[in-house]
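Novice: Next up is a structure, given as structure tokens.
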Amino acid sequence: MLQFLVEVLIYAQCLRCRAAVVEVPMSFQGKKVLITGSSRGIGRGIALKLAEKGARVAVHYYRNREAAEETLGKIRKLGSDGFLVQADVCRPEEVRRIFEQVRSEFGSLDIFVSNARTEAPTFYEAPMAITLDKWDTAMDSQAKAFLVAAREAAAMMSKGGRIVAISFAPGGRFGSWQPWVAMGAAKAAMEVLVR
Ligand SMILES: NC(=O)c1ccc[n+]([C@@H]2O[C@H](COP(=O)([O-])OP(=O)(O)OC[C@H]3O[C@@H](n4cnc5c(N)ncnc54)[C@H](OP(=O)(O)O)[C@@H]3O)[C@@H](O)[C@H]2O)c1
């Protein structure tokens, strides 16, 4: 589907599943990176690691601007730079707006990490009880957001660009526990898009 290398970082949280990290040797110095959901959590961790290696980072957040500012502050302390971008990834027009801002600030993009995930109460419900709104939130935030974002990112990348999708191995492969049904299905759909 995409002409450049696409990788999935499968991150497993249960003890029986070992984290599998696909490492690709490359220099990050001066690279322009966008990470959705980098205000906190794993997204922030990725942002700081890449900033430490010289990458500039577009720090995306949804509601928590203060946390996003803290991430950007830490990036600057590491000697790199970036900017903040706000959007709800469940809304395709807002996903496109992220890339408009990235284009105007960075001009182009080297790495896109699709990491944002909505809060558990927005999707966490067993199959026989889940509302269709919750199902849609899971699918929109992962599969649809990734589809829209990957197209936008690809258009801004030159040869050697990277797109990384953060999944959840037990959810994406087996569904995990019952209330994870929507997010598991959404991660599986995102993984299919990657492959
Ligand atoms: N944590 C785990 O144990 C674990 C395990 C396996 C896989 N993962 C995966 O790793 C990724 C990050 O997880 P995490 O636990 O680090 O997340 P987290 O700490 O809960 O942070 C979620 C991030 O997503 C953003 N976000 C929430 N709703 C959003 C929306 N509607 N639109 C756009 N952004 C939104 C948040 O922004 P605000 O700060 O502005 O709210 C925040 O930056 C997810 O894809 C998750 O499935 C996590």
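Nothing in this text is a laboratory measurement; each read-out follows from the coordinates by a stated rule. Keep in mind the model is a prediction, meaning the values are calculated, not measured. Note: ideal-geometry Cβ built from the backbone for every residue, glycine included; neighbour counts use all protein chains shown.
Novice: Of all residues in region 52-97, which are basic (Lys, Arg) and closer than 23 Å to Glu152 by Cα?
Specialist: Those that are basic (Lys, Arg) and closer than 23 Å to Glu152 by Cα: Arg56, Arg63, Arg91, Arg96, Arg97.
One line per residue, one yes/no per condition, for (1) in contact with a Phe, Trp or Tyr (Cβ under 6 Å, 6 or more places away or on another chain); (2) hydroxyl-bearing (Ser, Thr, Tyr); (3) more than 14 Å from the ligand (Cβ to nearest atom); (4) over 21 Å from Ile46 (Cα atoms):
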residue: Ser141; (1), (2), (3), (4): no, yes, no, no
residue: Ala149; (1), (2), (3), (4): no, no, no, no
residue: Ser176; (1), (2), (3), (4): no, yes, no, yes
residue: Ala188; (1), (2), (3), (4): no, no, no, yes
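Novice: For the condition within 10 Å of the ligand (Cβ to nearest atom) and surrounded by fewer than 17 Cβ atoms within 10 Å (Cβ to Cβ), what is the one hit in Glu100, Glu105, Glu94?
Specialist: Just a single option satisfies the conditions, and that option is Glu94.
Novice: Also, quick follow-up: Working carefully through the options Arg56, Arg117, Arg76, find the one that is more than 22 Å from Phe168 (Cα to Cα) and in contact (Cβ under 8 Å) with a residue 12 or more places away in the chain.
Specialist: Arg56
Novice: All but one of (1) surrounded by fewer than 17 Cβ atoms within 10 Å (Cβ to Cβ); (2) farther than 20 Å from Lys31 by Cβ hold for Met139; which doesn't?
Specialist: The single condition Met139 does not satisfy is (1).
Novice: Sticking with this structure for a sec: Could you list all residues from region 165-174 that are away from the ligand (no atom under 12 Å from the Cβ) and not hydrophobic (A, V, I, L, M, F, W, C)?
Specialist: Listed by number, the list holds a single entry, Arg173.
Novice: Name the single residue, out of those in region 149-186 being of a type in the set (D, E, K, R) and either part of a helix (DSSP H, G or I) or within 17 Å of the chain's Cα centre (by Cα) (or both), that is nearest to Ile130 (Cα to Cα).
Specialist: So the residue we want is Arg173.
Novice: Among (1) under 28 Å from Thr122 (Cα atoms); (2) polar (S, T, N, Q); (3) more than 9 Å from the ligand (Cβ to nearest atom), there is one condition Ser80 misses while meeting the rest; what is its number?
Specialist: Tallying (1) under 28 Å from Thr122 (Cα atoms); (2) polar (S, T, N, Q); (3) more than 9 Å from the ligand (Cβ to nearest atom), Ser80 fails exactly one: (1).
Novice: Pairs needed: first member in region 84-100, without any contact (Cβ under 8 Å) to a residue 40 or more places away in the chain; second member anywhere, within 8 Å of the ligand (Cβ to nearest atom) and of a type in the set (A, V, I, L, M, F, W, C); C-beta distance under 7 Å; at least 6 residues apart or different chains.
Specialist: Short answer, once both residue conditions are applied: Leu84/Ala68; Glu94/Ala87; Arg97/Ala87.
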